[in-house]
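To start, the structure itself, in structure tokens.
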């Protein structure tokens, strides 16, 4: 059985996920990973590990029994399915197509219908976890779809993560859970920013509040405080965000859409989205901002510089 992970843009999440999967395949004597990336040069680290890089998504799907997609948007996965998967026609029969991205439930429902009409199986399996968790194999997978197919995926998902929450055969439930969880994550960015800005204004350093969060609420919550105090919220032109402002707006937008549909109000998320929109407007002068740059926006509202000491120190070093 060939295992493939299709990644358009081997970025902060895709790179460690594919690295861990390829190492698992090699260690357990499976065929090597077959992968596609839009920019060929970015696949060198995987080729060095023994993976095979091909020229198109269609090539990957044609060569594989299981294909993992992790694309950046609803439009991207719909386009990939329609233009690169469906044209394979009868060759799709028996294959498993896995979408690991956070998309609207309607997108998962559409792709499920398109893929199953061709005799293949579609699994929606978004993941929880930022880049450090991907590198440490601590992602949480949330699959939905055919249980037999999900069982086949389990050892490969666990090579990249620590836990699987199967939510049933309705593929829309997986992304619904991911979107719901992201309400907490984006809300946590807002709350961590508010806490650390207030702390700084009353004489309690962001670093001390980070230590408190790690001890009080554990390493996962502490990470969001560390992103602020460590300057990761503003990684600079040469840095890589864990979770881009654009993806923060996309995912939270899906949550707002679902909430309106079901008569639920999300006031914390509404405020966080206002700050994400403000961060988005800085894209001309601030490259690669993380969604946690909500903290930087809150700093400016409080009369502080957008850049905290950690960012200023890094920028001073880059300019020397």
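Here are some notes:
- Distance between modelled label sites at residue 284 and residue 216, nm, 7 Å Cα→Cβ extension: 3.9
- For the chain: relative contact order, % (alpha-carbon pairs under 8 angstrom, 6 or more apart): 13
- One chain, two ends: residue 315 and residue 264. Fully extended at 0.36 nm per residue, the span grows by 14.1 nm beyond their Cα-Cα distance.
- When you restrict to C-alpha pairs under 8 Å that are six or more residues apart and normalise by the size of the stretch 11-51, the relative contact order lands at 43 percent.
- Ranked for footprinting exposure by Cβ neighbours inside 10 Å, fewest first, 104, 277 give 277, 104.
- Length-normalised contact order of the stretch 3-169 in % [C-alpha pairs under 8 Å, at least 6 apart]: 20
- Pairwise label distance in nanometres, residue 39 with residue 83, each label 7 Å out on the Cα-Cβ vector: 1.9
- Most mobile listed residue (76, 135, 217) in the chain, GNM with C-alpha springs under 10 Å: 217
- Ranked packing of 52-59, 118-125, most packed first, by mean Cβ within 10 Å: 118-125, 52-59
- Comparing 263, 218, 113 in a Gaussian network model of the chain where C-alpha atoms under 10 Å apart are linked, the largest mean-square fluctuation is found at 263.
- Fraction of beta bridges assigned by DSSP in the stretch 3-169 that are antiparallel (%, nearest 5): 15
- Tensor-based shape of the stretch 175-319 (alpha-carbon gyration tensor, a/c under 1.5 rounded, otherwise prolate or oblate): prolate
- Gyration tensor (alpha-carbon) shape descriptor, the stretch 212-277, a/c threshold 1.5: oblate
- Under Stokes-Einstein, with the Kirkwood radius over Cα pairs as Rh, the value for the chain at 10 °C and 1.306 mPa s is 77 µm²/s.
Values quoted throughout were computed directly from the atomic coordinates according to the rules given, and no laboratory measurement underlies them. Predicted, not measured: the structure shown is a model, and the values here were computed from it. In this analysis, Cβ positions are derived from the backbone assuming ideal geometry, glycine residues included, and neighbour counts consider all displayed protein chains.
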